[in-house]
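**Student:** Here's a structure for you.
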Amino acid sequence: MDARALSLSQIDAGLIVSPGLDLGSVPAPRFIYHVECLGPDGRPRWTEDFENLVTTAGRTDLVDKYLKGSAYTAAWFCGLKGTGSPAASDTLASTGAWSIVTPYSGNRPSITWGTTSSGSNTSSAVSFSINATATVAGAFVCSVASGTSGTLYSAGDFSASRSVASGDTLNVTLTISIT
């Protein structure tokens, strides 16, 4: 091979990174909520898909339980929220600008997860049998079936508040993933 050709050869390497990409952090697992409201006749009244905000308490709990290895429970529950936007500083005991709404009897239903694949998992539908007329603005995930002593992991809003009436069924399917 010609020595002159070798001296003119050059190899360059580089990395092009999206300006918004932060290579130093991994986001907390987030939910996509799929909510379907069925009327008393079983016909769909409305559906909505939305993402959530992961609270500071939720992020702390994740690190504490998963990475630190402190006491862990796999029980998680779904609740319904009233109007007002969730904030990272919200806790189950202090939801700030929104309230927990309960147009159903009993405790918050538990979430039953499917099989995890490729960093994602989808739950079975969490079903709420509505027994009162109410305005529902979104949903949340927490670590207790009732009360305010547990961890509020996440909360999210519909695009607009929705009305539910006695006899309706609200089905919430959650997909959790790290994206």
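No lab work stands behind these numbers, since they all come straight from the coordinates. Please read these numbers as outputs of a predicted model, since none were measured by experiment. Neighbour counts run over all protein chains shown; Cβ positions are idealised from the backbone, glycine included.
**Student:** Using θ = phi - 60° and the Karplus relation 6.51 cos²θ - 1.76 cosθ + 1.60, list the HN-Hα couplings for region 33-48 in order, rounded to whole Hz, with x at every Gly or Pro.
**Tutor:** Using θ = phi - 60°, the values come out as 9, 10, 10, 10, 9, 9, x, x, 7, x, 8, x, 8, 6, 9, 7 Hz.
**Student:** Additional query: What are the residues whose amide H is under 5 Å from the amide H of Val144, where those residues sit 5 or more places off or on another chain and H is modelled from the backbone?
**Tutor:** Phe77, Thr151
**Student:** For Ala132, list long-range residues whose amide hydrogen, built 1.01 Å from N in the peptide plane, is under 5 Å from its own amide hydrogen.
**Tutor:** Distant-sequence amide H within range of Ala132: Ser166, Gly167.
**Student:** Which whole-Hz couplings ³J(HN,Hα) result when phi for each residue of region 84-101 is put into the Karplus expression 6.51 cos²θ - 1.76 cosθ + 1.60, θ = phi - 60°, listed in order with x for Gly and Pro?
**Tutor:** Taking θ as phi minus 60°, the curve returns x, 7, x, 10, 4, 7, 5, 10, 5, 7, 9, 7, x, 7, 9, 10, 7, 10 Hz for region 84-101.
**Student:** Determine, for each peptide in 99-106, 110-117, the mean count of other beta carbons within 10 angstrom over its residues, then list the peptides with the highest first.
**Tutor:** Peptide ranking by packing, descending: 99-106, 110-117.
**Student:** Given the convex hull over the Cα atoms of region 26-177, what projected area results after averaging over all orientations, in nm²?
**Tutor:** Its Cα hull, projected and averaged over all orientations, spans 8.8 nm².
**Student:** Taking only the Cα atoms of region 29-106, how large is their convex hull per residue, in Å³?
**Tutor:** That works out to 130 Å³ per residue.
**Student:** Once phi is turned into ³J(HN,Hα) by the Karplus curve 6.51 cos²θ - 1.76 cosθ + 1.60 with θ = phi - 60°, what whole-Hz value does each residue of region 152-165 show in order, with x for glycine and proline?
**Tutor:** Values, residue by residue: 8, 7, 8, 8, x, 10, 5, 5, 8, 4, 10, 9, 10, 10 Hz.
**Student:** Let me ask you something else. Asp90's amide H: which non-local residues (gap 5+, or another chain) put their own amide H closer than 5 Å, with H modeled 1.01 Å from N in plane and none for Pro or chain starts?
**Tutor:** Answer set, sorted by chain and number: Thr56.
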